[in-house]
Amino acid sequence: MMLTMTGVHAHYGHIHALRGIDVEVQAGEIVTLIGANGAGKSTLMMSLFGNPRASAGQIVFDGEDITGLATHEIALRGISLVPEGRRVFPRMTVFENLQMGAGFAAAENFEADLARVFAMFPILDERKMQRAGTLSGGEQQMLAIGRALMSRPKLLLLDEPSLGLAPIYIRRIFQIVRELNRDHGMTILLVEQNANQALKVAHRGYVLQHGGVTLAGSGEELLASPEVRAAYLEGGHG
Amino acid sequence: MAYALQQLINGLTLGAMYGLIAIGYTMVYGIIGMINFAHGDIFMVSAFIAVTCFTLLAAADVSSIPLALMFVLVVSMFFTSAYGWAVERVAYRPLRGSTRLAPLISAIGMSIFLQNTVQLTQGARVKPIPPVIEGGIELWQTPDFTVQIGWSQLLIIVTTVVLMVAFTWMITHTAFGRQQRSCEQDRTMAALLGVNVDRTISLTFMLGAALAAVAGVMVTVYYGVVDFFIGFLAGIKAFTAAVLGGIGSLPGAMLGGLLIGLIESFWAAYLWAEYKDVATFGILCLVLMLRPSGLLGRPEVEKV
Ligand SMILES: Nc1ncnc2c1ncn2[C@@H]1O[C@H](COP(=O)(O)OP(=O)(O)OP(=O)(O)O)[C@@H](O)[C@H]1O
Ligand SMILES: [Mg+2]
């Protein structure tokens, strides 16, 4: 098992955001989290990094208990996040942002990884020396994804990677998710507004509600489930 | 004309020292969004360390000036960066996340503690040392005035320029510099990418302290006297320099230091020498009222 969360609780002050989460991700899987706004999807991803710190429960990554590790230590274990809201470093160039992503990875891989990211998003190559803060929203999103890939993570967390992108890029993102998983064996945990597409690309999924897991199953099972259809798929999605 | 040229040289010398101290203010502000109010004392402590070292070296009959200078610099940079580290650990880190006023008060507390420690151990009187570097180059001789740049002035200006170039290069071109800037821009994201934020903040305090230590050693060489109160005044002037240049901006701190040095020296030469400190404080007030983001700073976006 690449990642195991058992009974994880997390709080923001008085807000009880995660209430006993049990989630597993196997090596080589794409797993998706489905849930309404405020269900706790982003909090779950951030809690893997101890921000917020799990107040109860255990998180095991790659055979190691990481529940109490410092955020940067957890990142160095090989988990990489494309966070909600992109969070590129606005006063650094595109190139420097990618360097930050590669920060602690082996230096000899840098050129190859850079070429791979530029092949994925040619616009980043064109804008290499531009300050990230002056990129368009969609370009910043691509940069955030590219930055996350630069460290060759074992586990890639994507929090709404297609947010704010034009339809052509949304398709491209899902295609990239598939490719990374199939061709590079990358393990991926994905949160997406578009539940339909997410469940199609994912091997398995979890449904989150009020900080707890209410349903789990394979992508097809969840796609077929009446509850999921009623709550997340009907009404114009997909 | 000759007189003005001399003031320019003196102003540059002063400005170099203010600039070195201002870097510490601006870097710490950049990374934690707060002023390090114990920073001015670092300058004072390093000046006392310099006095002690020079006295010891003289007693030990070390006559090579470059060797003595190197030794004094290394020793005072070592102790002051330890102090910078301690200030962050004691006064700032435990209070991170509390109200903004709390670390300010604890930092002022540490500053008072340090001033009193030095006063107790070194005495309240002014400490003189025999001149370390004498002489200079006569640049221009007119019938009634000789323009001269002292060796010590030349040393200060050259050292400062070298340090500033090296420091700027480190911030803009090395992995540490990128980490430092990433913490300034988005601390959470930096940590998510594996940057040890606490260590980066500690190092920022230490580097700022080490640069101020160089200024402290230089002032000892230049004036030959120190007292336990110089940290306060130099601290406020360097702080003004950082604000004038745009707090948080590295080139701003250097530019601000230079301007404050020049203004002070011309003010003292042509207006009222006894009111030269007033000039600096006047500038501080004016900048805060008219252009709080300073000359090279970004307009402040609310930082919490
Ligand atoms: N920094 C924070 N401080 C306080 N409360 C927070 C914070 N972040 C999230 N919350 C609260 O925790 C709960 C879960 O939020 P979270 O961001 O994880 O939801 P989400 O499932 O990602 O929603 P969305 O689909 O809108 O992104 C919400 O009620 C939210 O208000
Ligand atoms: Mg979210």
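Applying the criterion of being surrounded by fewer than 15 Cβ atoms within 10 Å (Cβ to Cβ) and in contact with a strand residue (DSSP E or B) (Cβ under 8 Å, 6 or more places away or on another chain) to the residues of the range B:137-164, the residue that is nearest to B:VAL217 (Cα to Cα) is B:ILE137. Scanning the range A:34-59 for residues that are on the phi > 0 side of the Ramachandran plot and open to solvent by 20 Å² or more (accessible area, probe 1.4 Å) turns up A:GLY38, A:GLY57. Residues in the range A:71-83 that are away from ligand 2 (no atom under 16 Å from the Cβ) and either more than 10 Å from every other protein chain (Cβ to nearest Cβ) or buried (at least 17 other Cβ atoms within 10 Å of the Cβ) (or both): A:THR71, A:HIS72, A:ILE74, A:ALA75, A:LEU76, A:GLY78, A:ILE79, A:SER80. In the range B:10-41, the residue that is nearest to the chain's Cα centre (by Cα) out of those that are of a type in the set (A, V, I, L, M) and under 29 Å from B:ALA269 (Cβ atoms) is B:ILE21.
Looking at this structure, is B:ILE247 over 16 Å from B:ALA4 (Cβ atoms) and modelled with pLDDT under 85? Break it down into steps so the answer makes sense when it comes.
Values: over 16 Å from B:ALA4 (Cβ atoms): yes; modelled with pLDDT under 85: no.
So B:ILE247 fails the test.
Going by the structure shown, is B:ILE65 open to solvent by 60 Å² or more (accessible area, probe 1.4 Å) and either of a type in the set (Val, Ile, Thr) or within 29 Å of B:THR188 (Cα to Cα) (or both)?
Values: open to solvent by 60 Å² or more (accessible area, probe 1.4 Å): yes; either of a type in the set (Val, Ile, Thr) or within 29 Å of B:THR188 (Cα to Cα) (or both): yes.
Considered against the rule, which asks whether it is open to solvent by 60 Å² or more (accessible area, probe 1.4 Å) and either of a type in the set (Val, Ile, Thr) or within 29 Å of B:THR188 (Cα to Cα) (or both), B:ILE65 comes out as yes.
Of all residues in the range A:128-169, exactly one satisfies the criterion of being basic (Lys, Arg) and open to solvent by less than 50 Å² (accessible area, probe 1.4 Å), namely A:ARG147.
Can you tell me how many residues within the range A:84-107 are facing another protein chain (nearest Cβ under 7 Å) and over 14 Å from A:MET150 (Cβ atoms)? So that I can check it myself, show each step before the final result.
So the first thing to find is which residues in the range A:84-107 are facing another protein chain (nearest Cβ under 7 Å), and the list is A:87, A:89-92, A:96, A:99-101, A:103-104.
When the remaining residues are screened for being over 14 Å from A:MET150 (Cβ atoms), the result is A:87, A:90-91.
Of the residues in that region, 3 qualify.
Residue by residue, here is whether (1) within 14 Å of chain A (Cβ to nearest Cβ); (2) polar (S, T, N, Q) holds:
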site: B:GLN115; (1), (2): no, yes
site: B:VAL147; (1), (2): no, no
site: B:GLY177; (1), (2): yes, no
site: B:CYS183; (1), (2): yes, no
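Go through the range B:237-265 and count every residue that is out of contact with any Leu (no Cβ under 8 Å at 6 or more places or on another chain) and open to solvent by 30 Å² or more (accessible area, probe 1.4 Å). The qualifying residues number 3. Of the numbered criteria (1) away from ligand 2 (no atom under 16 Å from the Cβ); (2) modelled with pLDDT of 95 or more; (3) open to solvent by 10 Å² or more (accessible area, probe 1.4 Å), the one A:ILE188 fails is (3). In the set A:GLY138, A:GLY133, only one residue is closer than 26 Å to A:ASP183 by Cα and assigned by TED's automatic domain parsing to the domain that holds A:GLU108; that residue is A:GLY138.
Is at least one residue of the range A:7-21 surrounded by fewer than 19 Cβ atoms within 10 Å (Cβ to Cβ), in the same structural domain as A:LEU165 (by TED's automatic domain parsing), outside any loop (DSSP other than H, G, I, E, B) and within 16 Å of ligand 2 (Cβ to nearest atom)?
Within the range A:7-21, the subset surrounded by fewer than 19 Cβ atoms within 10 Å (Cβ to Cβ) is A:7, A:9, A:11-16, A:19-20.
Okay, now just the ones that are also in the same structural domain as A:LEU165 (by TED's automatic domain parsing), so A:7, A:9, A:11-16, A:19-20.
Pick out the ones that are also outside any loop (DSSP other than H, G, I, E, B) and you get A:7, A:9, A:11-12, A:15-16, A:19-20.
Among the residues that remain, those that are also within 16 Å of ligand 2 (Cβ to nearest atom) are: A:12, A:15.
The answer is yes, given that some residue of the range A:7-21 is surrounded by fewer than 19 Cβ atoms within 10 Å (Cβ to Cβ), in the same structural domain as A:LEU165 (by TED's automatic domain parsing), outside any loop (DSSP other than H, G, I, E, B) and within 16 Å of ligand 2 (Cβ to nearest atom).
Of all residues in the range B:185-196, which are facing chain A (nearest Cβ under 7 Å) and either in contact (Cβ under 8 Å) with a residue 12 or more places away in the chain or within 18 Å of A:SER151 (Cα to Cα) (or both)? Once the filter is applied, which keeps residues that are facing chain A (nearest Cβ under 7 Å) and either in contact (Cβ under 8 Å) with a residue 12 or more places away in the chain or within 18 Å of A:SER151 (Cα to Cα) (or both), the range B:185-196 yields B:THR188, B:MET189, B:ALA191, B:LEU192, B:LEU193, B:GLY194, B:VAL195, B:ASN196.
For the range B:31-83, the set of residues classified as in contact (Cβ under 8 Å) with a residue 40 or more places away in the chain and of a type in the set (D, E, K, R) consists of B:ASP41 only.
For A:ARG172, the criteria (1) open to solvent by less than 30 Å² (accessible area, probe 1.4 Å); (2) modelled with pLDDT under 95 hold in every case but one, which is (1). Within the range A:191-214, how many residues turn out to be open to solvent by 10 Å² or more (accessible area, probe 1.4 Å), within 16 Å of ligand 1 (Cβ to nearest atom) and touching a strand residue (DSSP E or B) at 6+ places or on another chain (Cβ under 8 Å)? Within the range A:191-214, residues that are open to solvent by 10 Å² or more (accessible area, probe 1.4 Å), within 16 Å of ligand 1 (Cβ to nearest atom) and touching a strand residue (DSSP E or B) at 6+ places or on another chain (Cβ under 8 Å) number 7. Among the residues of the range B:165-175, those identified as among the hydroxyl-bearing types (Ser, Thr, Tyr) and either open to solvent by less than 30 Å² (accessible area, probe 1.4 Å) or within 14 Å of chain A (Cβ to nearest Cβ) (or both) are B:THR172, B:THR174. Only one entry of A:ASP62, A:ASP125 meets the criterion of being outside the structural domain of A:VAL191 (by TED's automatic domain parsing), open to solvent by 50 Å² or more (accessible area, probe 1.4 Å) and either at pLDDT 90 or above or touching a strand residue (DSSP E or B) at 6+ places or on another chain (Cβ under 6 Å) (or both), and that entry is A:ASP125. Note on the range A:149-164: among residues that are touching a Leu at 6+ places or on another chain (Cβ under 8 Å) and more than 16 Å from ligand 2 (Cβ to nearest atom), the one that is nearest to the other protein chains (Cβ to nearest Cβ) is A:SER151. Beta carbons closer than 8 Å, at least 6 apart along the sequence or on distinct chains, pair a first residue in the range A:30-43 that is within 14 Å of chain B (Cβ to nearest Cβ) with a second that is near ligand 2 (Cβ under 8 Å from one of its atoms) and of a type outside the set (Asp, Glu) for A:SER42/A:VAL191.
The values are calculated or read from the model by the stated rules, or taken from the named source; none is laboratory data. The shown structure was predicted, so the numbers you read here are calculated from the model rather than taken from an experiment. FYI the Cβ positions are ideal-geometry reconstructions off the backbone, even for glycines, and counts take in every protein chain you see. Side chains are part of the model used for accessible areas, which takes the heavy atoms of the whole protein and leaves out ligands, DNA and RNA. Shrake-Rupley method; radii C 1.70, N 1.55, O 1.52, S 1.80 Å.
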